[in-house]
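Trainee: Dropping the structure in here first, questions after.
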Amino acid sequence: MFLTKYKPNSTLESIFDSFDRQFFPILRSWSRDDDGEAFRLPLTNINETEKEYVITMEMPGVEKKDVDVSVDGDELVISAERSGKVESEGLLRSEIRSEKFRRSFSLGRTVDRDNIKAKLENGVLKVTLAKKAESVGRKVDVA
């Protein structure tokens, strides 16, 4: 069972949220935390093999020092920040912005919380979550 935190919205906010989802689907890649701070939900793939789960996330322009991967109870939390600082000399137009990324995932009972690895390479974060030994299937020989 998954529990969702109750966040009451005013009727006006609900109308605008519905409008945004219908007419501006690109905005769905953004969210706000409980304090109202905006962050981007990075594009993510999740794969499962016999021995592990692999989460792959796009984080363009993010450096290793600006990525945080942590386990908080039964939740894997991935956050990062990209600096939009560019050289200003001769700048005619500026579209590169600083932005924050954040995504969280519920960890099931099969994940070995002591065996989680993360690697950032070429703007792609790869997080590998090993399965617990008892949750990995095995073949039983028939006698």
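None of the figures in this text is laboratory data; all of them are computed from the coordinates on show. Source: prediction; values computed, not measured. Cβ sites come from the backbone with ideal geometry, for glycine too, and all protein chains shown count toward neighbours.
Trainee: Would you calculate the separation in nanometres between label points at Leu43 and Asp141, each defined as 7 Å from the Cα along the Cα-to-beta-carbon direction?
Mentor: In this crude spin-label approximation the distance works out to 4.8 nm.
Trainee: Taking 0.36 nm per residue of sequence separation and subtracting the Cα-Cα distance, how much length would be gained by fully extending the chain between Ile96 and Lys132, in nm to one decimal?
Mentor: Here the segment from Ile96 to Lys132 would lengthen by 8.8 nm.
Trainee: How big is the dipole moment of segment 36-90 about its Cα centre under a simple scheme where the beta carbon of each Lys and Arg is +1, that of each Asp and Glu is -1, and everything else is neutral? Debye, nearest 20, please.
Mentor: 180
Trainee: Starting from segment 44-121, pick out the GluC sites (Glu not before Pro) whose DSSP state is loop and whose Cβ has at most 16 other Cβ atoms within 10 Å.
Mentor: Loop-located and lightly packed - Glu50, Glu63, Glu87, Glu89, Glu95.
Trainee: So if each residue of separation counts as 0.36 nm, and I subtract the Cα-Cα distance between Glu87 and Ser106, what length gain in nm does that give?
Mentor: So the chain would gain 2.8 nm between Glu87 and Ser106.
Trainee: Then there's this: Taking N as the number of residues in segment 42-143, what is its alpha-carbon radius of gyration divided by 2.2 N^0.38 Å?
Mentor: 1.43
Trainee: Filter the cross-link list Lys100/Lys131; Lys117/Lys139; Lys85/Lys131 down to pairs whose alpha-carbon distance in this structure exceeds 32 Å.
Mentor: In this structure, Lys85/Lys131 lie more than 32 Å apart at Cα.
Trainee: For Asn115 and Glu63, what is the calculated FRET efficiency with R₀ set at 35 Å and r taken between the beta-carbons, to the nearest 0.05?
Mentor: With R0 = 35 Å, the Cβ-Cβ based efficiency is 0.90.
Trainee: Follow-up. Would you mind calculating the gained length between Val77 and Thr56 on full extension (0.36 nm times residue separation, minus the Cα-Cα distance), in nm to one decimal?
Mentor: Fully extending the segment from Val77 to Thr56 adds 6.2 nm.
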